[in-house]
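S.K.: Before I ask anything, here is the structure I am working with.
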Amino acid sequence: MSATTPVAAVTWPLERIGDGLVALARCAGLIAAAAPGARNPPTTDEAALDRWLSAAGEQLGVDVEPVVATNREAHTALGSLFPAMVRLTGGVLLLVGRRRGALLCLAPDGDLRRVARGDVVRALQEAHAGPHVAKIATLMGRSSLSEAAQRKASAGMLEEFLSRTKVLQGWLLRLPPGASFFAQLRGAGVFRLGAALVGAHVTQYALFLVAWWAIARAVLRGTVAEGWLWGWALILLSLVPLMMISTWCQGKLAVSFGMLLRRRLLAGALELPAEMINREGVGGLLGHTIEAGAVERLALGGGFLATLSLVELALAIPILAAGAAGWVHAALLLVWLVVAAALGARLARARFRWTDHRLDLTGMTVERIVGHRTRLAQEVPERWHDGEDEALAGYLDRSAELDRRSLALLVVVPRGWLILGLAALAPAFIRGADLGTLGASLGGVVFAWMSLARLGSGVDQLATAYVAWKRVAPLFHAAAGRFPEHLRDARPLRRPTSAEYVVAPPAVGREPVLEAIDLTFRHANRAVDVLSGCDLVVHRGDRVLLQGASGSGKSTFASLLTGVQAPRSGLLLARGLDMSCLGETGWKTRVSASPQFHENHVLSETFAFNLLMGRGWPPRIEDVADARAVCDELGLGPLLERMPGGLFQMVGESGWQLSHGEQSRLFIARALLQRCDVIILDESLAALDPENMATTLRCMRARAPALIVIAHP
């Protein structure tokens with residue numbers, strides 16, 4: 001084995017981390033060779049460096065994800081973090097992969113060199129071992145151990161002292177979830193694993209056929225020689241490692257594909273427009289969640305079965321053609337495959353209808369469970385179960401149809417071929433065909449019978465996976481910014497007539513912080529327009545009251561101002577820049593909102609997390625101090641005094657329960673702590689008593705640079 005390179009020889013200086021990022025991304029195939037370079041970071045502060053690397057990766061089209069590991073985890077983590085940058089005392093190490101038990105690193109001169117993993121672990125420990133080394137040396141000086149024993153004991157004690165210390169800080173590079181899924185699969189090595197899986201199975205098939213030919217030849221001759229038995233046993237024994245390899249490849253392939261798919265679907269769920277989420281309802285969203293797992297499980301299982309079955313059938317055709325019945329036998333199998341394809345298409349259509357009906361039934365059930373109290377209060381008892389019997393009867397009919405189609409494909413097709421294939425061999429057996437070719441034909445018939453049985457199951461699973469895919473496809477495409485057409489084309493038609501705007505006198509000589517010019521909007525799939533020709537100019541220090549009856553478009557207008565929904569036409573500017581210039585994240589740093597009570601949430605986390613989740617986490621000391629000050633100004637100080645953990649008390653479903661008034665002030669504090677130019681409160685004062693409302697108004701006047709309050713008249 002060739003010698004490894006010292007860590008110092010492949011370490012990049014921290015000042016060149018931008019060049020190293022580009023070089024590593026190119027070496028790993030994440031970006032094109034002609035991609036632009038990146039400027040080097042202006043600071044070495046850890047938090048600032050993380051933000052800079054994330055921004056640089058975004059410009060390159062690469063996700064740069066910070067990772068940390070303790071001393072106990074470092075050795076294992078270094079074996080799986082590829083491609084990645086690892087922070088060392090003197091710079092950064094660029095990890096490309098593994099080669100012959102060592103880490104493959106990209107050196108500053110562009111060469112790939114092997115570095116021992118243990119050397120990297122020791123280099124990571126150097127920055128944290130100083131205080132412990134002196135203590136260990138003192139202890140060893142008092143002992144009577146030999147020099148070798150002292151070295152061994154010192155190493156063990158150092159490992160124990162650093163066991164929980166985070167010695168590894170690095171950044172993992174990978175394609176963003178919205179990138180080409182084909183490129184993500186290729187980068188994860190899914191295609192290589194698939195080729196290895198197919199190769200292992202093909203080799204198994206070949207050995208299986210040879211074993212069948214050998215035993216059939218011996219049995220049909222009437223004598224079984226000892227050599228033939230030993231050969232047959234060795235062939236069967238050689239199948240064991242091949243089966244282990246194929247099982248490992250299949251498991252690895254399933255994990256890799258599932259990880260990429262779930263990551264993509266999660267990213268898509270976070271990118272879904274609010275309008276689409278509101279339209280789906282609880283039942284529809286639950287259906288998306290359920291079917292996400294079905295796509296991964298059934299697509300992989302059905303894909304494996306169908307692919308391997310087709311490979312087996314492709315091998316069975318020439319085997320049958322070379323057998324006792326010749327090409328007639330092979331042609332018979334082809335005809336039977338056409339019959340199986342027709343039955344498979346019928347089963348797929350039945351599966352589509354059954355799954356759609358089942359998911360619709362699930363959605364209806366969930367919606368009725370969630371709205372049970374409302375139904376009890378507002379719906380007459382005679383109509384509580386309208387449509388349920390019809391839905392169940394339809395489900396029963398679809399189930400019966402699916403069972404008939406499944407029986408035809410999963411039972412009739414494989415068993416029918418077994419009878420038909422053996423019957424086609426009868427003439428050759430009667431006329432005394434060669435025993436070797438007759439045995440090969442028998443093996444081909446059995447081989448095709450097993451393949452047809454697996455093919456039916458694979459087709460059934462693939463059909464189910466396709467139906468599930470139709471449900472989760474919007475999530476998959478949303479990760480890449482592709483949404484259904486009706487969400488991209490919503491042209492409103494009219495101007496609301498019932499809304500009333502009360503605005504402070506215009507500021508003279510001050511630049512507007514928020515401008516809405518001729519905004520128009522209409523909800524998707526709605527014939528009735530919502531907003532048209534809406535104008536608003538807000539300067540720093542303005543206090544705007546937006547009043548109107550229910551349904552007049554106040555909350556919709558607020559959702560446009562906050563960027564939750566996009567107008568079909570018109571112009572929105574924050575300090576003279578529109579959404580396309582600032583981006584969604586930049587816009588949210590300028591305009592924040594406290595939505596209506598039913599659209600706001602207290603998460604099962606600490607009170608501080610619920611306050612500062614829009615400002616950054618983990619918080620800095622000044623963030624916590626600011627949060628405490630805002631809470632005191634909003635009258636939440638007594639609440640924090642009562643809670644044992646104060647700001648870090650768990651709240652929500654599993655923690656301290658808050659009243660509606662306390663939740664409302666929490667939501668207002670969350671909006672204020674984002675330190676945006678404009679704060680929008682959508683009916684946030686409705687749950688407050690007069691005293692708390694006065695306290696809240698004083699805080700908002702003092703802290704909000706510009707304020708828009710939405711309320712009923």
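S.K.: If only one of A107, A48 is of a type in the set (A, V, I, L, M), at pLDDT 90 or above and surrounded by fewer than 20 Cβ atoms within 10 Å (Cβ to Cβ), which one is it?
M.R.: From the options A107, A48, the qualifying one is A107.
S.K.: Would you say W469 is surrounded by 13 or more Cβ atoms within 10 Å (Cβ to Cβ), of a type in the set (F, W, Y), modelled with pLDDT of 85 or more and closer than 23 Å to T307 by Cα?
M.R.: When the stated conditions are applied, W469 does not pass them.
S.K.: Checking the condition part of a loop (DSSP other than H, G, I, E, B) and out of contact with any Lys or Arg (no Cβ under 9 Å at 6 or more places or on another chain), which residue from P644, P705 passes?
M.R.: Criteria check complete, one pass: P644.
S.K.: If I ask for residues that are in a loop (DSSP other than H, G, I, E, B), open to solvent by less than 30 Å² (accessible area, probe 1.4 Å) and aliphatic (A, V, I, L, M), which ones from region 176-192 would you list?
M.R.: Within region 176-192, just A179 meets the criteria.
S.K.: On the given criteria, is R72 basic (K, R) and modelled with pLDDT of 85 or more?
M.R.: On the way: basic (K, R): yes; modelled with pLDDT of 85 or more: no.
No: the conditions fail for R72.
S.K.: Of the residues V133, V64, V68, which is more than 15 Å from T11 (Cα to Cα), β-branched (V, I, T), under 33 Å from the mean Cα position of the chain (by Cα) and open to solvent by 60 Å² or more (accessible area, probe 1.4 Å)? Working first, answer last.
M.R.: Details: V133 fails: under 33 Å from the mean Cα position of the chain (by Cα); V64 fails: open to solvent by 60 Å² or more (accessible area, probe 1.4 Å).
Criteria check complete, one pass: V68.
S.K.: Being open to solvent by 60 Å² or more (accessible area, probe 1.4 Å) and farther than 13 Å from F648 by Cα is the filter here; which residues of region 622-635 pass it?
M.R.: Within region 622-635, E622, D632, E633 qualify.
S.K.: For region 162-190, enumerate the residues that are hydrophobic (A, V, I, L, M, F, W, C) and in contact (Cβ under 8 Å) with a residue 12 or more places away in the chain.
M.R.: Looking only at region 162-190, we keep the residues that are hydrophobic (A, V, I, L, M, F, W, C), and these are 162, 167-168, 171-173, 175, 179, 181-183, 185, 188, 190.
If the condition is that a residue be hydrophobic (A, V, I, L, M, F, W, C) and in contact (Cβ under 8 Å) with a residue 12 or more places away in the chain, then L162, V167, L168, W171, L172, L173, L175, A179, F181, L185, A188, V190 are the ones that fit.
S.K.: Another question, then. Restricting attention to region 635-668, which residues are modelled with pLDDT under 85 and among the hydrophobic types (A, V, I, L, M, F, W, C)?
M.R.: W656, L658 - these are the residues of region 635-668 that are modelled with pLDDT under 85 and among the hydrophobic types (A, V, I, L, M, F, W, C).
S.K.: Take A148 and tell me if it is hydrophobic (A, V, I, L, M, F, W, C), without any contact (Cβ under 8 Å) to a residue 24 or more places away in the chain, more than 30 Å from R26 (Cα to Cα) and surrounded by 12 or more Cβ atoms within 10 Å (Cβ to Cβ).
M.R.: When the stated conditions are applied, A148 does not pass them.
Condition check ((1) in contact with a Phe, Trp or Tyr (Cβ under 8 Å, 6 or more places away or on another chain); (2) in a helix (DSSP H, G or I); (3) more than 22 Å from R454 (Cα to Cα); (4) not hydroxyl-bearing (S, T, Y)) across all residues:
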| site | (1), (2), (3), (4) |
| --- | --- |
| T307 | no, yes, no, no |
| L313 | no, yes, no, yes |
| L320 | no, yes, no, yes |
| V328 | no, yes, yes, yes |
| A331 | no, yes, no, yes |
| A350 | no, yes, no, yes |
| H357 | yes, yes, yes, yes |
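S.K.: Moving on to the next point. Across region 70-93, what is the number of residues that are part of a strand (DSSP E or B) and either among the β-branched types (V, I, T) or out of contact with any Ser or Thr (no Cβ under 9 Å at 6 or more places or on another chain) (or both)?
M.R.: Within region 70-93, residues that are part of a strand (DSSP E or B) and either among the β-branched types (V, I, T) or out of contact with any Ser or Thr (no Cβ under 9 Å at 6 or more places or on another chain) (or both) number 6.
S.K.: Restricting to region 679-694, and then to whatever is surrounded by fewer than 18 Cβ atoms within 10 Å (Cβ to Cβ) and either of a type outside the set (A, V, I, L, M) or at positive phi (or both), can you tell me which residue is modelled with the highest pLDDT?
M.R.: Let us first name the residues in region 679-694 that are surrounded by fewer than 18 Cβ atoms within 10 Å (Cβ to Cβ), namely 686-687, 689-691, 693-694.
Filter once more, keeping what is either of a type outside the set (A, V, I, L, M) or at positive phi (or both): 689-691.
Working: D689: 81, P690: 82, E691: 85.
So, considering only residues that are surrounded by fewer than 18 Cβ atoms within 10 Å (Cβ to Cβ) and either of a type outside the set (A, V, I, L, M) or at positive phi (or both), the one modelled with the highest pLDDT is E691.
S.K.: Now for a separate question. Give me the pairs: first residue in region 397-426 and under 23 Å from A324 (Cα atoms), second residue outside any helix (DSSP H, G or I), beta-carbon distance under 7 Å, and six or more apart or on different chains, which are they?
M.R.: Correct list of pairs: A424/A325; L425/A324; L425/A325.
S.K.: Here is a follow-up. Kindly list, by first and then second residue, each pair from a residue in region 579-595 that is over 11 Å from G614 (Cβ atoms) to a residue that is charged (D, E, K, R) and open to solvent by less than 30 Å² (accessible area, probe 1.4 Å), limited to pairs with Cβ atoms under 6 Å and residues at least 6 apart or on different chains.
M.R.: Close Cβ pairs satisfying both conditions: R590/D677; P595/D682.
S.K.: Now a separate question. If L410 satisfies all but one of (1) at pLDDT below 80; (2) among the aliphatic types (A, V, I, L, M); (3) closer than 16 Å to G344 by Cα, what's the number of the condition it fails?
M.R.: Failed condition: (1).
Condition check ((1) touching a Pro at 6+ places or on another chain (Cβ under 6 Å); (2) within 27 Å of V564 (Cβ to Cβ); (3) of a type in the set (G, A, S); (4) buried (at least 19 other Cβ atoms within 10 Å of the Cβ)) across all residues:
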residue: P618; (1), (2), (3), (4): no, yes, no, no
residue: L640; (1), (2), (3), (4): no, no, no, no
residue: S664; (1), (2), (3), (4): no, yes, yes, yes
residue: C699; (1), (2), (3), (4): no, yes, no, yes
residue: A704; (1), (2), (3), (4): no, yes, yes, yes
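S.K.: Given the criterion surrounded by 13 or more Cβ atoms within 10 Å (Cβ to Cβ), in contact with a Gly (Cβ under 9 Å, 6 or more places away or on another chain) and either among the small types (G, A, S) or at pLDDT below 85 (or both), identify the matching residue among V219, V198, V202.
M.R.: Result: V219 is the single residue among V219, V198, V202 that is surrounded by 13 or more Cβ atoms within 10 Å (Cβ to Cβ), in contact with a Gly (Cβ under 9 Å, 6 or more places away or on another chain) and either among the small types (G, A, S) or at pLDDT below 85 (or both).
S.K.: Could you count how many residues in region 314-346 are open to solvent by less than 20 Å² (accessible area, probe 1.4 Å) and either under 13 Å from G456 (Cβ atoms) or out of contact with any Ser or Thr (no Cβ under 7 Å at 6 or more places or on another chain) (or both)?
M.R.: Residues that pass the stated criteria total 6.
S.K.: Out of all the residues in region 416-464, which are open to solvent by less than 10 Å² (accessible area, probe 1.4 Å) and either more than 21 Å from L332 (Cβ to Cβ) or not aliphatic (A, V, I, L, M) (or both)?
M.R.: Selection gives W417, G421, G439, S441, G443, G444, F447, S451, G456, G458, A463.
S.K.: Return the only residue of S664, S684 being assigned to a loop (DSSP other than H, G, I, E, B), under 17 Å from N600 (Cβ atoms) and of a type in the set (S, T, Y).
M.R.: Of S664, S684, the one residue that is assigned to a loop (DSSP other than H, G, I, E, B), under 17 Å from N600 (Cβ atoms) and of a type in the set (S, T, Y) is S684.
S.K.: When residues of region 629-688 are filtered for being touching a His at 6+ places or on another chain (Cβ under 6 Å) and aromatic (F, W, Y), how many remain?
M.R.: Number satisfying all stated conditions: 0.
S.K.: Mind counting the residues in region 47-86 that are more than 25 Å from P177 (Cα to Cα) and of a type in the set (D, E, K, R)?
M.R.: The total comes to 2.
S.K.: Kindly provide the set of residues from region 563-610 that are assigned to a loop (DSSP other than H, G, I, E, B), out of contact with any Cys (no Cβ under 9 Å at 6 or more places or on another chain), within 29 Å of L647 (Cβ to Cβ) and of a type in the set (S, T, N, Q), ordered by number.
M.R.: Q596, N600, S604, listed by residue number.
S.K.: Find the residue count for region 380-415, including only residues that are of a type in the set (A, V, I, L, M), over 30 Å from S441 (Cβ atoms) and open to solvent by 60 Å² or more (accessible area, probe 1.4 Å). Reasoning before the result, please.
M.R.: In the first step, residues of region 380-415 are kept if they are of a type in the set (A, V, I, L, M); the result is 380, 391-393, 396, 400, 402, 407-413.
The next check asks that each one be over 30 Å from S441 (Cβ atoms); those that pass are 380, 391-393, 396, 400, 402.
Keeping just the survivors that are open to solvent by 60 Å² or more (accessible area, probe 1.4 Å) gives 380, 392, 396.
Within region 380-415, residues that are of a type in the set (A, V, I, L, M), over 30 Å from S441 (Cβ atoms) and open to solvent by 60 Å² or more (accessible area, probe 1.4 Å) number 3.
S.K.: What's the number of the condition R113 fails, among (1) touching a residue at least 60 places away in the same chain (Cβ under 8 Å); (2) in contact with a helix residue (DSSP H, G or I) (Cβ under 8 Å, 6 or more places away or on another chain); (3) open to solvent by less than 50 Å² (accessible area, probe 1.4 Å)?
M.R.: (3) is the only condition that R113 fails.
The values are calculated or read from the model by the stated rules, or taken from the named source; none is laboratory data. All of these numbers come straight from a predicted model, not from anything done at the bench. Glycine gets a Cβ as well: all are built from the backbone with ideal geometry, and neighbour counts include every protein chain shown. Just so you know, the surface numbers come from the protein's heavy atoms only, side chains and all, with ligands and any DNA or RNA stripped out. Shrake-Rupley method; radii C 1.70, N 1.55, O 1.52, S 1.80 Å.
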